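Written out below as structure tokens is the structure these notes cover.
The values are calculated or read from the model by the stated rules, or taken from the named source; none is laboratory data. Small disclaimer: the values here were computed from a predicted structure and weren't measured. No Cβ is skipped: glycine too gets one built from the backbone with ideal geometry, and neighbour counts run over all protein chains shown.
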Amino acid sequence: MTRNIEIAQACDRLREESERTTGGVLDVPPPAEDAPARVDETGVELKRGAFLNTIAMLASNFRGIFTFLVARMLGPAALGIFSVAWSTTDIISKIGVLGLDNAITTFIARSEAMGNRVRSRALFRAAVVLGVAQSVVTAAIVIVGLRFFNNRLHVQPQMVSALALVLCAMPGLALYRISTAISRGMKVMQHDIYSRGMTEPIATTLAFLLALAVGFKESSPEVAAIVGTAASGLIALALASTLFRHMPAQTDVVSPLGEARSLLAYAAPISIYQLINAFIARLDLIMLGYFVGRAPGVTLATVGVYSAVIGTANGLRKVNQAFNPIFAPVVAGMTATGDHDVAAATYARLAQWMLWILLPLVAVMSLAGGTILLIYGPAFQQGGVWLGIVALASAINAFVALGETVIMVQRPHLNLLHSSITCTVAAAGLLWLIPRFGAMGAAFGILLPYLVQGMLRYATLRWVFHWKDSWSDIRPPLIAAGIAFVPALICRAFLGGIAGQVISAAAFLAVFGVQWLQHHIHRKDEYP
């Protein structure tokens, strides 16, 4: 979301400047000497926004307390049922929102750039009404469909009941996404800290404990999700509303119906891309839940363990959120002014930074996965091997997201093509692997499509955009990881149990950290 917001804002600024200086001819680039100053001015604003988004991202991780409580108090089976239901709801919610969260950000940013606050308020109201109404209708249709076709789905009855209940969270989810997108369109990033970062985890956790106390038992996680998303949505709406309190005198008439039509027309194509990406990210868990009792070793408890694995590994996907808010508008400005070589060099440098962060995290999850999962309970320790594989898949997804940003600002239809191919590979791979290898097949089944996606984006940057290979930039962290794995694997081979996992992970971090420090010192000496 943040990536698309900043791209839209940067591109709007470039477009408006071009229109002012060229009389509306947009294909004439601005003077080259103005580009550095324009990038510097944008960079200050984006770094501030990136800092606030990072705080919101870190705060949202407190929702892990809710997951921990479900695992500890209800066991892996209950966590598996809820995780599959929530993952399915997240995908269906993309249909309900219909891309309005991204579209409203672009429309609000353009309206504010023109100083038309009256139109911004009209867009705000139209987006909220449309998003909530569409989500209510979509949820109702799916719930009715589940009741009518329950016997034909060949899915565990507990999962169908949980899904029918948690679908009621869709209106609150839509309200949060659209209201937060409106705040971001107004360049207000801190609202997400209060709505998702603080309100949702607190409300969800308290609602779970209360629901458990009054007797909801196995349905307590679903009830808590409904309460938590509703509270988050209402807080996000209230915060966004404060931005429109002091309105200037209305000088023009805004048609709510016309604005609604424009929003829907713009948002519909975006929703397809969002739906495909959400489907890929959730497909392994959903399909594993579908094969309960029909694949080797796959039970409701297995699905619960695997959901904890995904929740732990998904933290790696968020690493790119610290970089994309800065990188997206910068690369948009560079490509617009023809500075493709500088853009490629910037991409390579950020890729190196991401590898320095991602590689040790993947190594720790691979070497000490069983110990990490013990936080959820002894039954979750069996997911240690799966965690290493899923962590690698999540790291690849986070890493290649930089390439997605580059492609989006120049040829966005190629991202849709890549996602379509990746989705096909994911579905085919999981359908073949899970019935044969169970949860291990699900782990490899999600790793395969992200490898394919990475190769597609590399090929696009290399041969479509003619960007040079950045091996010299990404080589240092890769070599450092390779060297650090040697003592780590030796420790893992000779030491068993929890001690062996912890010592091997510590050995990797120590060797890798020394090499990072040497590289950092060398860079400072080379570029004082």
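Quick notes on this one:
- Restricting region 99-122 to residues that are of a type outside the set (Val, Ile, Thr) and under 25 Å from the mean Cα position of the chain (by Cα), the residue that is farthest from Arg184 (Cα to Cα): Gly99
- Considering region 236-261, and only residues there that are more than 20 Å from Thr180 (Cα to Cα) and of a type in the set (Ser, Thr, Tyr), the residue that is modelled with the highest pLDDT turns out to be Ser255.
- Of all residues in region 293-310, those being in contact with a Ser or Thr (Cβ under 8 Å, 6 or more places away or on another chain) and surrounded by fewer than 21 Cβ atoms within 10 Å (Cβ to Cβ) number 1.
- Total residues in region 462-485 satisfying the condition of being under 18 Å from Ala401 (Cα atoms) and crowded, with 20+ Cβ neighbours inside 10 Å: the figure is 1.
- Among residues of region 214-230 that are surrounded by fewer than 24 Cβ atoms within 10 Å (Cβ to Cβ), those with a Cβ under 9 angstrom from a residue that is not in a helix (DSSP H, G or I), sequence gap 6+ or separate chain, pair up as Val223/Phe216.
- Screening the candidates Ile434, Ile421, Ile490 for the property of being surrounded by fewer than 18 Cβ atoms within 10 Å (Cβ to Cβ), more than 23 Å from the chain's Cα centre (by Cα) and either of a type outside the set (D, E, K, R) or farther than 19 Å from Gly388 by Cα (or both) yields one hit, Ile490.
- Screening Gly99, Gly131 for residues that are closer than 21 Å to Leu237 by Cα and either hydroxyl-bearing (Ser, Thr, Tyr) or in contact with a Lys or Arg (Cβ under 9 Å, 6 or more places away or on another chain) (or both) leaves exactly one candidate, Gly131.
- Where a residue in region 510-523 is within 15 Å of Ile474 (Cα to Cα) and at pLDDT 80 or above and its partner, wherever it lies, is part of a helix (DSSP H, G or I) and of a type in the set (A, V, I, L, M), with Cβ under 6 Å and at least six apart: Phe512/Ala480; Phe512/Ala484; Gln515/Ala480
- Odd one out for Asn150 among (1) among the polar types (S, T, N, Q); (2) in contact with a Pro (Cβ under 8 Å, 6 or more places away or on another chain); (3) buried (at least 19 other Cβ atoms within 10 Å of the Cβ): (3)
- The one condition in (1) surrounded by fewer than 21 Cβ atoms within 10 Å (Cβ to Cβ); (2) modelled with pLDDT of 90 or more that Ser161 fails to fulfil: (2)
- For beta carbons closer than 8 Å, sequence separation of 6+ or different chains, a first residue in region 172-189 that is at pLDDT 85 or above and a second that is basic (Lys, Arg), the qualifying pairs are Tyr176/Arg196; Thr180/Arg196.
- Condition met for Ala505 (touching a residue at least 60 places away in the same chain (Cβ under 8 Å), surrounded by 13 or more Cβ atoms within 10 Å (Cβ to Cβ) and over 15 Å from Trp356 (Cβ atoms)): yes
- Residue satisfying condition, being over 25 Å from Tyr347 (Cβ atoms) and either part of a helix (DSSP H, G or I) or at pLDDT 90 or above (or both), within set Ala379, Ala393, Ala459, Ala401: Ala379
- A single entry from Gly197, Gly215 fulfils the requirement of being modelled with pLDDT under 90 and under 20 Å from Met159 (Cα atoms): Gly215.
- Identity of the residue in region 301-347, of a type outside the set (Gly, Ala, Ser) and over 26 Å from the mean Cα position of the chain (by Cα), that ends up modelled with the lowest pLDDT: Thr337
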